[in-house]
Each structure stands twice: as C-alpha cells, then as structure tokens.
Amino acid sequence: MATGRRMGQRERRTFAVATLGCKVNQFDSQVIREEMRRSGFEEVPFTEEADTYIVNTCTVTGRADCQSRQLIRRAGRLNSKALVIATGCYAEVFPLEASELPGVWAVLGNQAKGEIPSIVSRLEEGEKPLVRVPPLVNAPLEGFSVRGFSGHSRAFLKIQDGCNGSCSYCIVPRARGRSRSLPPEKALEELLRLRASGYWEVVLTGVRLGSYGLDLSPPTSLAEFLHRLEGVEGLPPRIRLSSIEPTDLSGPLVSAIRDSERVCPHLHIPLQSGDDEILSRMNRGYTRKDFMSLVVEIVRSIPSVCVGLDVIGGFPGEDARHFQNTVDLIESLPVAYLHVFPFSSRPGTVASELPQKVGSSEIRERCRILRDVGQKKRAAFYSRFLHQRVRILVEGTKTDGKGLQRGLSRNYIPVWIEPDRRNPSPAGELEVEITGVRGEKVRGERVAAGEPVD
C-alpha cells in the first residue's frame, strides 16, 4: 500500500474512473462520478494524468481479478503521486491483496462506494492509507440519482443488488451480499429523472434482477413493477431488462413483457450448460428439459422476442458427451445469440475444488465451437426480419467504417442506416425497413420521411 502523506492540494482537483464488469458496476461508477463532481472534482479520461484514480473492479472470474490489478497498476504508472482507490467486487473479496498493490491509497468495499469523495478529501489532507470493507447490509437499496451516462445513448438504472443463490462457480453473493431492492416509488422517481434528462431507453439492472422486490415490505415482484409502469406518464418509451435467471422467469413476468408497450421484447437468460449432470454440478436448480420448455413458451408467447443465452465451456467434469448435449440443446432452441465464457476456476467457490478439470486447450476449442453456433443463431434470427419494418433508436453518432449509422431495435437487432446529414442524432425512434442481412450485419432504410416517432 502507498506510504507517506500527501502535502497540499492543487486548485484543480482531477479524477478518473475505470470500470470493469457488469452493468451494475457501470451504474455504480456513474454514481461515483456524479458524487465526485458535486464535491468539486473535475473528471478527466483514465488515460490522462489525474490527481485521483478510482478503479471499480470485478471479481467474477480469475481473469477479471487480473484485469483489475492491471488497471490499478496502470493508474500508478500514469501518475506516481496520485491517489489510487480500489473499489468494487475484487476490492470487496480480496481487500488485503488489493492493498498490497503499488500506489494504492484506499481499498473500499461495495458498501463504502458512497464515501469515496469524503475519503479522497481526507487522504488529500494527510490521512493514512486505509482499507474499508464494511459488512454488506440487507436493507433495501437507497436511491442514488444519476443524470446521465457519458458515451452511452442508453441509461442504466440499478433496481436490485446481491444474490441469494449458490451456484457452485460463482463468488458474486460473497462480493455483493444478499438480494435487496430499490423500493418501487424510488425506482419510478429515477426513471422519470432519466427521461427528463433526455433518455429514450433505460436498462433495468441488477445482480439477480428477477428477484426484485421479494425482500421489500410488503413484498412485490418484477412483474408487478413492470405492470405498474404502464400507467405512468413521463417515463422512457423503452425499458429493457438485463439478464434474468431462468428460475425467476415466471409466467406473470413473461406476460408482463408480452403485454407491455414499453418493455422491450428482449430476454438474456443464463443457460450455462445443456447437460443435466453438469447443471447439477453447477447447482443451477433446473434441468435441460425445464430450460427447453421455458424458452419455447417464451417465444410462443412473444414471437418477436430476442432471446440470448450465457453458456460456460469446460466446466469441471464436462466430457465430450456433456458438451455435445449443450451444443445440441442450443441448436434446437429458437434463440438469437450466445455469450460464451470459458470456465475460470474461482478461488473461494465450490467449483474450484471439483475434480476432473478440463484442459485449457480443450476449453478454448469448446468455446470456439459455441461461438460458431452463436454466430449462426444470430444470422438466422436477423434473417427472420428481412423486409420487415422495425423501430430503432439511433445510438448517438456511432458509425462504421463506411459512414453508416447504428440503431438498435426493440428486439435487440443492430440496424445500420445512412445518416441524415440534417439530423445526425435524432431524438426518438425511427421506423426503418430491414433491406439486407449479411451474416451479422443488418442494413436498413428509413420509412417515409424517417422522422423520429414520439
């Protein structure tokens, strides 16, 4: 850990933030940014020299730990006199290890993120380096207001944190604590605030989003919250859900998505494995048949829905037969894309102690096969909508190498269109017709005048 005292303060106090991991961490980083600005600090890019560097870390895999350490070390190299603050999940789970990295002045657990501006000020005044990882409380979430997300056309809103699950490969419950939720009234306030800031789409995020509301008094549910949104004026026209566990996808939740004019028909569902034996080793709580029935019913109920899956390649004990069962299941399902993760042994989890580890070269090969399957699924899903009309939200001024502009449909299809030189960043949805699909590249053309749809 860093030693010595910082003497004096510069009139211009600068800070930079780097974020690893999930959308929950991205939301937390935005809260940190806005709190720092309110406290008189000026933000600069993480690649530049700053007085304070804040690294919001991740620990979901061993690779995430390594990336967290690399970013912390990079901060010290950018300015050897800077305060380097490590926070987030790696700092929560391995505070001692983080504190021993060169240049680190403070290690702050997830519960201490809100204290960062005051802690930075204290360190500037000469307080000694510290490690602060308070116990994770089980109280409902507080409403942290954010005004916007720099560089993002969509906003994120964390309405849930923590997880009561016990998947054998996962360390997240240890890093985030038990499930807790933002009360519906506060969540509505934040959605209204984000719409007033100009955001047309907000992604509801959580560590285990499908358990939203169960910890509140009186208890509620994500389905009830989504139904409640339908009768409120002034909300963002598009609400998207982040990842939801298959065991949390109840009939009422699927119906709430189907019946909503606001909630996007897009579900990201962690599968992890398509073999019953491996699912049992993972402690996932469902079977191959359960998962198949769930996805088929979702697509039957919401025909335009985009369903994406998480899948892990090379879990301990996964032999060729188990892996083929996973491939066969995915190929049989009406899904749109895959997020493929090589198994990474996570110290402190049950899976790290399991026998029959799969070799690294075999893990790489299995992940390659799964990614190939995912590419075919994505192309097939996009092709279903050829010559159909969809409504897209243009993502700022993002363009490809040929000058085409990217927009995202409600069901998560990225559509590339010719930009309107008179209005390069339209505020609202555009109706476009999908005119071409080449692999994973989708082309579209504006319908009629191509004016934004309110």
Cut-off 16 Å (backbone N to label point 7 Å along Cα→Cβ of Glu331), residues of the stretch 262-293: 274-275
Taking Cβ-Cβ under 4.7 Å as the only way to count a partner, pick out the unpartnered cysteines of the chain. Cys22, Cys58, Cys66, Cys89, Cys163, Cys264, Cys306, Cys367
Test of understanding: what is the full-extension gain from Ala320 to Arg371, defined as 0.36 nm times their sequence separation minus their Cα-Cα distance? 16.7 nm
Percentage of interatomic Cα-Cα distances in the stretch 98-138 larger than 17 Å: 31
Cut-off 10 Å between beta-carbons: net charge of the residues surrounding Thr435, Lys and Arg +1, Asp and Glu -1: -1
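How much of the accessible area of the chain, in percent, comes from carbon and sulfur atoms when a 1.4 Å probe is used?
49
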Lysines with Cα under 28 Å of Lys23, excluding same-chain neighbours fewer than 8 positions away: Lys113, Lys158, Lys186, Lys376, Lys377, Lys398, Lys441
What full-extension length gain, to one decimal in nm, is calculated for Lys441 and Ser118 as 0.36 nm per residue of separation minus the Cα-Cα distance? 111.6 nm
Mean separation of Cα contacts under 8 Å (at least 6 apart) over the residue count of the chain, i.e. the relative contact order in percent, is 10
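Can you give the net charge of the other residues whose Cβ lies under 12 Å from the Cβ of Phe156, counting K and R as +1 and D and E as -1? Intermediate results must be reported in sequence, preceding the final value.
Working: positive: Lys23, Arg154, Lys158, Arg240; negative: Asp28, Glu190, Glu201.
In short, +1.
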Which distance in nm do the two modelled labels at Asp276 and Ser197 give, with both placed 7 Å along the Cα-to-Cβ direction? 4.8
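So with the 1.4 Å probe, I'd like the accessible area per residue for the stretch 6-74, rounded to whole Å². Provide the component values of the computation, followed by the final result.
Values: 3150 Å² over 69 residues.
Accessible surface, normalised per residue, equals 46 Å².
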As an exercise, identify the GluC sites (Glu not before Pro) in the stretch 133-215 lying in DSSP coil whose Cβ has no more than 16 other Cβ atoms within 10 Å. Glu142
C-alpha center-to-center spacing [the stretch 117-182, the stretch 315-389] in angstrom: 30
Antiparallel content of DSSP bridges confined to the chain, in %, to 5: 35
Please compute the Kirkwood hydrodynamic radius of the stretch 78-195 from all pairs of different C-alpha atoms, in Å with one decimal. 16.2
Would you mind calculating the relative contact order of the stretch 218-327 from Cα pairs under 8 angstrom and at least 6 residues apart, reporting the percent as a whole number? 28
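The values are calculated or read from the model by the stated rules, or taken from the named source; none is laboratory data. Everything numeric here is computed off the predicted structure, so don't read it as measured data. Cβ: placed from backbone, ideal geometry, glycine included. Neighbour counts: every protein chain shown. Each accessible area value is taken on the protein alone, full model and side chains, heavy atoms only, with ligands, DNA and RNA left out. Shrake-Rupley method; radii C 1.70, N 1.55, O 1.52, S 1.80 Å.
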